[in-house]
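The values are calculated or read from the model by the stated rules, or taken from the named source; none is laboratory data. All figures in this text were calculated on a predicted structure; none of them were measured in a lab. Quick reminder, even Gly has a Cβ in these numbers, built from the backbone with ideal geometry, and neighbours come from all protein chains shown.
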Amino acid sequence: MDRLGNIVTASAARQIADRIQEGILSGRIRGDDRLPTEEELAASYGVSRPTVREALKRLAAQNLIRTRRGPTGGSFVNRLDLAQAGENLTTSAMMMMTLGTVPMRDIASVRLFMEGQCCREAIATWSADTLARLDASLARQRQPELSDEAFCAADVEFHRALADGSPNTMMRFLMYGVIEALVPVTNMVIVFVRDRGAIIDFHQAMRDAYARRRITPLLAALQHLLDYLQDRHTDAVAQREQRLHDPQAKAATA
């Protein structure tokens, strides 16, 4: 570890955390490596142990390190797996959509591009396991007593199965943000204007195309699904605006 030189005390913890994070991202500090003790870090950076402790808390909050107590304890660098990295991406994507940073047309465009590529790769590396996951998801979606939350979960699982069919690790990682965040948020917005039967029909068409290993009808069904979701999103936003500006509509939903 290297000294930071003259630093502002108030931001010392952040600077130390940034420096350690830089070491992790550059590969100088590897997964499962044990960091120096608080006392060693404090001496190395020329700061107090409470400052070092705050820096470690920052790193732990980012899921970059973990702390273990006992004689063999200390702070260790995490090996971030695909699911954990995807959760971080999901949180950012969900915030962007709910805050209105990303319009629905951009979401549909990105989903078509990225999920379409996953579909191509999934068909190229076709597996009975992926088909079984699609069938299981469709079976859950057809349960009449299924709650909206459970239907959304089955929807997510359907598209995750196709994404997981891709052998490209980076593509699967990026699809976490697309599927795990954008599918639930879209469902939440359109829940009162969508038709579950229509969504199931689109999914069934995608499943059948995958079963026959036909990419053209699979992409066509995906396009039809995204067009439908975009139309329902427009309807839902229009209804929400009407409720906000129409006193009678607002009273009727109160």
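For this structure, a couple of remarks:
- Inter-residue pairs, beta-carbon under 8 Å, first in contact (Cβ under 8 Å) with a residue 12 or more places away in the chain and of a type outside the set (Ser, Thr, Tyr) and in the stretch 131-153, second surrounded by 12 or more Cβ atoms within 10 Å (Cβ to Cβ) and outside any helix (DSSP H, G or I), 6+ apart: Arg140/Leu146; Asp148/Val191
- Just one of (1) assigned to a loop (DSSP other than H, G, I, E, B); (2) within 25 Å of the chain's Cα centre (by Cα); (3) exposed (fewer than 13 other Cβ atoms within 10 Å of the Cβ) fails for Arg28. It is (2).
- Residue among Leu182, Leu112, Leu134 that is of a type in the set (A, V, I, L, M), modelled with pLDDT of 95 or more, assigned by TED's automatic domain parsing to the domain that holds Arg214 and within 20 Å of Gln223 (Cα to Cα): Leu134
- Verdict on Ser92 being among the polar types (S, T, N, Q), more than 24 Å from Arg196 (Cα to Cα) and either in a helix (DSSP H, G or I) or at pLDDT 85 or above (or both): yes
- Flag if Asp246 is among the charged types (D, E, K, R) and under 27 Å from Ala122 (Cβ atoms): no
- Test: residue in the stretch 141-151 that is modelled with pLDDT of 90 or more, among the hydrophobic types (A, V, I, L, M, F, W, C) and part of a helix (DSSP H, G or I): yes
- Pair list, Cβ under 7 Å, 6 or more apart: the stretch 20-48 residue within 19 Å of Thr67 (Cα to Cα), other residue among the basic types (Lys, Arg) and at pLDDT below 85: Gly31/Arg79; Asp32/Arg79
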